[in-house]
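Engineer: Quick one: the structure is below, and I'll ask about it shortly.
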Amino acid sequence: MYVYDEYDRQILKERVVQFRHQTERALRGELEEHEFLPLRLQNGLYVQRFAPMLRMAIPYGMLRSRQLRRLAEVTRDFDKGYAHFTTRQNLQLNWPAVEDVPDVLEALSEVEMHANQTSGNCIRNTTTDQFAGVQKDEIVDPRPYCELIRQWSTYHPEFAFLPRKFKIAVNASPSTDRAAVQVHDIGLELHRNDAGELGFRVYVGGGLGRTPMVGPVIREFIPERDVLTYLEAILRVYNRYGRRDNKFKARIKILVKATTPEKFAELVEAEWEQIRNTPTRLTPEAIEQMKGFFTEPDYEDLEDNPPALTEALSASKAFSNWHTRNVSEHKKPGYAIVTLTLKQTGVPTGDVSDRQLEAIADLADEYSFGEVRVTHEQNVVLADVRQDRLQELWEALRPLGFATANLGTLTDMICCPGGDFCALANAKSIPVAEAIQREFDDLDFLYDLGDIDLNISGCMNACGHHHVGNIGVLGVDKKGQEFYQISLGGSSRRDASVGKILGPSFAREDMPTVVKDIIQVYVDHRTEEETFLDTYRRIGMSPFKERVYA
Amino acid sequence: MPNLIRHDGIHTDNWTIVHPPAEGEAVEVPEGPALLPAAIWKDKRQELTGRNDIGFWLDSHEEPEDLADYVNEVPVIGVNFPKFSDGRGYSIARLLRERFGFRNELRAVGDVLLDQLFYMKRCGFDAYALREDKNPDDAEYCLNVFSHAYQGAVDDDTPLFRRRWAS
Ligand code: HEM
Ligand code: SF4
């Protein structure tokens, strides 16, 4: 994992002092509310329905146990003892006091953490695959590039006042995409060209929100050393020509669509030609040095499927179910990747208490070299667990509520905070998630259904990624009543697509039945190896419509 | 009198900013120091060669490319921030300095507040017509908030990765 040096520490310290200064001026009335707004947003501070909200950055999802313990303390000392993992690898506090925020940021800075650029019209936290560096199927580890991008984007002087927020995601797995890169403002996909050189495929102009779009590729291959200058060229074109007259048309996706991807690519290329040889061009030394921070931990020489594991698997169906769903293959023999699901029925998606954060820190120290990752599906990963200790870990996870064996299934939903917390909501989302989880409480049935992404957002801002759920649920307001619209066929993976609306919306109490009907259509029509998405793509919308509105 | 911040301290701003005229009206070039709208200055540049106290200003939607060939004919170029949250001026400043080689004073005008000064300086500004209600005594701190920066920009084109990991 990246370790700060004197430069990073100094810069972060000065940031905390700067924000303290700004907060004091704001509280004294020397800064008007709208002048303070972008300053606090770029330090993670939002003002919400009931209270301020602080969004703390977890760069590309990586955390050390020491950082988790500090997050737990902050959650306890400055909030109500619980926090919320978001869909962009961040952690949110829901009730901090504005005047305490500089102290929170100072406490975070002591463990090399911050809330930089987690909100506001700037370049946000760069995200990536939670299995980076430990999966078998990976071109190279994407994290060194994420850190280089993080540093480049941190307090970038030219891009702090963009037309709108800007999100970058990186994927390095050729067979799947756990980072949803095609629905980001910029998606970068590591791959090799015919000459075997390393570089990125560049998607621009994807995004969710009220105009969901899958981003087009504007360049098939940009060599690794050129990635920062190329990003700078894209951002400069966007900063100059993105719309600023209408907030709803200000994302880069609107600019790319209006100019056409071809023309937009030409503008970027022309700009890049001018700056490609500036000192911003990465050096081989910088890439090598950065890679040196993401080396392998001290793995032992082990065999796959040790007796301790195989015996436990045959002894317990519950363990075996969990192993099948929540444990993934590791690149090293004898190791496994374990996902802790934060999707226990009755607990809002992504919520964790201070004690749970501490428990995760202890587990990381005991089982996974003191590191964890957080995922955009709002779960937590222990990436380096010995297979012969999986059963022991499972036993430890169960009382903590982290062993619900539903990873990737219908009840492992993405869900935004919705009307319970969010001022922009049209409808509540947490109770809908819970009602669906209660309806589908039979694990064997869930396993039989296989991988299904069900995503819920409380309004068209789409924080819950409903457009790219295989089943998407969107809260809508009809004459002051909460209703829910369903879309089918979305995906955020390599075959990214935006779901299509099923038809008129439903009342909340009907939602579990409606989802059951949709699932039944799949069960009736599927062939043996088809996932829900495959079946939907083959048979289309009509059979679902007929059943649900019958 | 409003304040003009330069890197050597606080000055009094005695420059007039001339606004674009309404349709059909002519522009009077003031007696004293003034910044003309860029397009007007371009039209009049032949007659203004004797004046060393006349520059031009660009609004945030204007293209500095249109003035690229003439930048060093003026002692001052202003870049307007109609609202402080309109970030186009930062790109304009970098282009004027890095692409078109402007060497004289680059001045931020309009909604110029304290908390943007550091970014402005990095993008090539060296003078700031601070909005009148802001305390100019805070400017020095705000111009120098950070002792290092990750990126290369106008003030220092060497990104941190080249400094900490020299080849
Ligand atoms: C509770 C307070 C929140 C508010 C007021 C809020 C507001 C918004 C708004 C206005 C947008 C639309 C932006 C646009 O279309 O340009 C948005 C998008 C988004 N938000 Fe939130 N949000 C909140 C919480 C969250 C949380 C808790 C998460 C994660 C669970 C989240 C993740 C996202 C994501 C992933 C997007 C979509 C980005 C895209 O359009 O590409 N937000 N949010
Ligand atoms: S999707 Fe809407 S309701 Fe849900 S958190 Fe985002 S803004 Fe709030």
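Engineer: Are any residues in the range B:142-158 within 12 Å of B:E98 (Cα to Cα) and either buried (at least 18 other Cβ atoms within 10 Å of the Cβ) or at the interface with chain A (Cβ under 7 Å from one of its Cβ atoms) (or both), and if so, which ones?
Structural biologist: Within the range B:142-158, B:G152, B:A153, B:V154, B:D157 meet the criteria.
Engineer: Please return the ranges of helices (runs of 4 or more DSSP H) entirely within the range A:207-278 where 3 or more residues are within 11 Å of another protein chain (Cβ to nearest Cβ) and at negative phi.
Structural biologist: Fully inside the range A:207-278 and qualifying: A:227-241, A:261-275.
Engineer: Let me ask something else. Go through the residues of the range A:447-468 one by one and say whether even a single one is away from every other protein chain (no Cβ under 14 Å), touching a Phe, Trp or Tyr at 6+ places or on another chain (Cβ under 6 Å) and either of a type in the set (D, E, K, R) or within 16 Å of ligand 1 (Cβ to nearest atom) (or both).
Structural biologist: No, that holds for no residue.
Engineer: Right, next: Are any residues in the range A:471-488 away from ligand 2 (no atom under 15 Å from the Cβ) and either open to solvent by 10 Å² or more (accessible area, probe 1.4 Å) or closer than 25 Å to A:K247 by Cα (or both), and if so, which ones?
Structural biologist: Correct list: A:K478, A:K479, A:G480, A:Q481.
Engineer: Just to be sure before I move on: is A:D495 exposed (fewer than 15 other Cβ atoms within 10 Å of the Cβ) and more than 14 Å from ligand 2 (Cβ to nearest atom) in the structure I sent?
Structural biologist: yes
Engineer: Take the range A:152-174 and flag every residue that is away from chain B (no Cβ under 14 Å), polar (S, T, N, Q) and not in a strand (DSSP E or B).
Structural biologist: The one that is away from chain B (no Cβ under 14 Å), polar (S, T, N, Q) and not in a strand (DSSP E or B): A:S173.
Engineer: Ok, one more. Looking only at the range A:377-432, filter to residues that are part of a loop (DSSP other than H, G, I, E, B), open to solvent by less than 20 Å² (accessible area, probe 1.4 Å) and within 16 Å of ligand 1 (Cβ to nearest atom); which one of those is farthest from A:L443 (Cα to Cα)?
Structural biologist: Once the filter is applied, the top-ranked residue is A:A427.
Engineer: Criterion first (in contact with a helix residue (DSSP H, G or I) (Cβ under 9 Å, 6 or more places away or on another chain) and in a helix (DSSP H, G or I)) does A:E303 satisfy it?
Structural biologist: no
Engineer: Another question, then. I need every pair where a residue in the range A:449-467 that is closer than 14 Å to A:I430 by Cβ and not assigned by TED's automatic domain parsing to the domain that holds A:N379 has its Cβ under 8 Å from the Cβ of a residue that is of a type in the set (K, R) and more than 8 Å from ligand 1 (Cβ to nearest atom), sequence separation at least 6 or different chains.
Structural biologist: A:G458/A:K428
Engineer: Now for a different question. For the range A:491-530, which positions are in contact with a helix residue (DSSP H, G or I) (Cβ under 9 Å, 6 or more places away or on another chain), assigned to a helix (DSSP H, G or I) and not hydrophobic (A, V, I, L, M, F, W, C)?
Structural biologist: A:R508, A:E509, A:P512, A:T513, A:K516, A:D517, A:Q520, A:Y522, A:D524, A:H525
Engineer: Moving on. On the given criteria, is A:T75 in contact (Cβ under 8 Å) with a residue 40 or more places away in the chain, open to solvent by less than 10 Å² (accessible area, probe 1.4 Å), within 16 Å of ligand 1 (Cβ to nearest atom) and among the hydroxyl-bearing types (S, T, Y)?
Structural biologist: The answer is yes for A:T75.
Engineer: Next up: Residue under question is A:R178, and the condition is that it be away from ligand 2 (no atom under 16 Å from the Cβ) and modelled with pLDDT under 95; does it hold?
Structural biologist: yes
Engineer: Taking the options A:A51, A:A26, name whichever one is within 16 Å of ligand 1 (Cβ to nearest atom), open to solvent by 10 Å² or more (accessible area, probe 1.4 Å) and farther than 24 Å from A:T375 by Cβ.
Structural biologist: A:A51
Engineer: To continue, here is another question. Which of the following residues is open to solvent by less than 10 Å² (accessible area, probe 1.4 Å) and either under 15 Å from the mean Cα position of the chain (by Cα) or away from chain B (no Cβ under 14 Å) (or both): A:D141, A:D177, A:D137?
Structural biologist: Answer to the check: A:D177.
Engineer: A further question on this structure: In the range B:82-97, which residue that is of a type in the set (D, E, K, R) and facing chain A (nearest Cβ under 8 Å) is surrounded by the fewest Cβ atoms within 10 Å (Cβ to Cβ)?
Structural biologist: Among them, the one singled out is B:D86.
Engineer: For the range B:99-119, give me the residue count where each residue is at the interface with another protein chain (Cβ under 8 Å from one of its Cβ atoms) and assigned to a helix (DSSP H, G or I).
Structural biologist: 3
Engineer: Oh, and also: Among what's in the range A:448-464 and is within 18 Å of A:I518 (Cβ to Cβ) and open to solvent by 40 Å² or more (accessible area, probe 1.4 Å), pick the residue that is nearest to ligand 2 (Cβ to nearest atom).
Structural biologist: Among those residues, the one meeting the criterion is A:D451.
Engineer: Of the numbered conditions (1) at pLDDT 95 or above; (2) within 12 Å of chain A (Cβ to nearest Cβ), B:L130 fails exactly one; give the number of that condition.
Structural biologist: (2)
The values are calculated or read from the model by the stated rules, or taken from the named source; none is laboratory data. Note that this is a predicted model, so its numbers are computed, not measured. Neighbour counts are summed over all protein chains in view; Cβ atoms, including those assigned to glycine, are modelled from backbone coordinates with ideal geometry. The protein model used for the area step is the full one, side chains on, heavy atoms only, and it has no ligands, DNA or RNA in it. Shrake-Rupley method; radii C 1.70, N 1.55, O 1.52, S 1.80 Å.
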